[in-house]
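The values are calculated or read from the model by the stated rules, or taken from the named source; none is laboratory data. Small disclaimer: the values here were computed from a predicted structure and weren't measured. Glycine gets a Cβ as well: all are built from the backbone with ideal geometry, and neighbour counts include every protein chain shown. These area figures cover heavy atoms from the full protein model, side chains too; ligands, DNA and RNA do not enter into them. Shrake-Rupley method; radii C 1.70, N 1.55, O 1.52, S 1.80 Å.
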Amino acid sequence: MPLVAALIGYVTKRVAIEMMFRPIEFVGIRPFLGWQGVLPANAERMATTATEMLINNLVEPREIFSRLDPAQVAKEIEEPMLRVVEDVTREVFEQYRPGLWEGMPARARELLLKRVRADAPKLITKIMREIAYDIDSVLDLKHMVVTNLVRDKALLNRLIRNISRPEMRFIARSGLVFGFTLGLVQLAVWALTKSPVVLPLFGLGIGWLTDWLALKMIFLPREPRRFFGLYTWQGVFQKRRDQVAADYGEMIANEIITVPNLLEAVLRGPKSDRLFQLITREVRRTIDEQAGLVKPLVVFAVGSRRFQEMKQVAAAKAVERVHDTVRHAEDYAVNALDVRNTIVDRMRQLTPIEFEGLLRPAFRQDEWKLIAVGAVIGGLVGELQVLLMLH
């Protein structure tokens, strides 16, 4: 009986763990006959909770982006930016007056390109400074993180599973110890009563109690506490604070708050219009300032109204090439933003309750389901024991 009880304890834990993460999509007949992993089923709530924790306690967008040196960004993208300047200039001229660009005096063409090239780094620096000063106006970090985690439920699973792998092992292994201990009690009660009811009742109790106890021992006590003067215990998750911080920071920096994801959010997120307005305004201003000698010739050739259109089209074409241009500064941005180390340092400063908030939401709302499943499995195994004994 103690061995069977230990098996019940272990199996119910393994089932509970897998039910948290699998299956990623609902399997069965909706709405009630079937199952979807607890985390994937509540992806939006889990992602929102994790993101609020991340933004409120670990990452402040303005602080992070202030680490980017606008002049250095301009230097990193200087070569591709200059190619864009020349390509856009040629394309716009050809679109509005074919042959006009080639028909210009070579000195005029070269002078225009030279002046725009000289002003381009200043343009990038100014735009970068405006973005860094008011990053919230062009980047919705919460929307970016939640969208990525909800869209990629496997990523959400990995985020929770990777930082809690030792805790999951502890849950499973604790089932063996708790189950065996309760099995000894079950054996004593069976020896005294010989009642077949003892087996399914104890199976149900073992499945329920061991699941509940294991989940509590992951988080509590938050600080080391000595029991009976014999041994000291601290919640498994709390005890691993440094390692959890390192693992969490690594995953967030490598898979969630990445430079490509940030760039995508800025260029195509819900606040991207603000950035495009900013770029368009500055590009048009630069064209007016640097057109110089060729402006009268262009206005004469295409007309004043179409010249204004040309500036708008040039700005739009520049915006289209922002993604491919800025990605040349990715290596610099990764090192400058330093997302991983920022998260690790901030996590180590969290209070025990705040730190618990990283993982606890994954269990709290639906842990009763996992405990109930453990109890049902334990009860069924107990009933199976009775049938085997009767035969």
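Output the residues belonging to the range 339-356 that are outside any helix (DSSP H, G or I) and either in contact with a Lys or Arg (Cβ under 6 Å, 6 or more places away or on another chain) or open to solvent by 60 Å² or more (accessible area, probe 1.4 Å) (or both). Before the answer, list the steps.
Taking the range 339-356 first, the residues outside any helix (DSSP H, G or I) are 348-351.
Arg348, Gln349, Thr351 - these are the residues of the range 339-356 that are outside any helix (DSSP H, G or I) and either in contact with a Lys or Arg (Cβ under 6 Å, 6 or more places away or on another chain) or open to solvent by 60 Å² or more (accessible area, probe 1.4 Å) (or both).
Scanning the range 173-197 for residues that are farther than 12 Å from Ile218 by Cα, touching a residue at least 40 places away in the same chain (Cβ under 8 Å) and open to solvent by less than 70 Å² (accessible area, probe 1.4 Å) yields Gly175, Phe178, Gly179, Leu182, Gly183, Gln186, Trp190, Pro196. Taking the range 32-57 as the range and being of a type in the set (Val, Ile, Thr) and either touching a Gly at 6+ places or on another chain (Cβ under 9 Å) or over 12 Å from Val145 (Cβ atoms) (or both) as the test, the residues that pass are Val38, Thr49. Listed by position, the helices (runs of 4 or more DSSP H) enclosed by the range 14-88 that each have at least 1 residues that are at pLDDT 80 or above, polar (S, T, N, Q) and surrounded by fewer than 19 Cβ atoms within 10 Å (Cβ to Cβ) are 43-53, 70-76. Restricting the first member to the range 241-269 and to residues that are free of Cβ contacts under 8 Å to residues at least 60 places away in the same chain, and the second to residues that are surrounded by fewer than 17 Cβ atoms within 10 Å (Cβ to Cβ) and of a type outside the set (Val, Ile, Thr), the beta-carbon pairs closer than 7 Å and six or more apart or on different chains are Leu267/His323. Looking at this structure, is Ala315 assigned to a helix (DSSP H, G or I), modelled with pLDDT of 75 or more and of a type in the set (Gly, Ala, Ser)? Spelling it out, it is not the case that Ala315 is assigned to a helix (DSSP H, G or I), modelled with pLDDT of 75 or more and of a type in the set (Gly, Ala, Ser). Taking the range 198-210 as the range and being open to solvent by 70 Å² or more (accessible area, probe 1.4 Å) and over 19 Å from Ala16 (Cβ atoms) as the test, only Leu201 passes.
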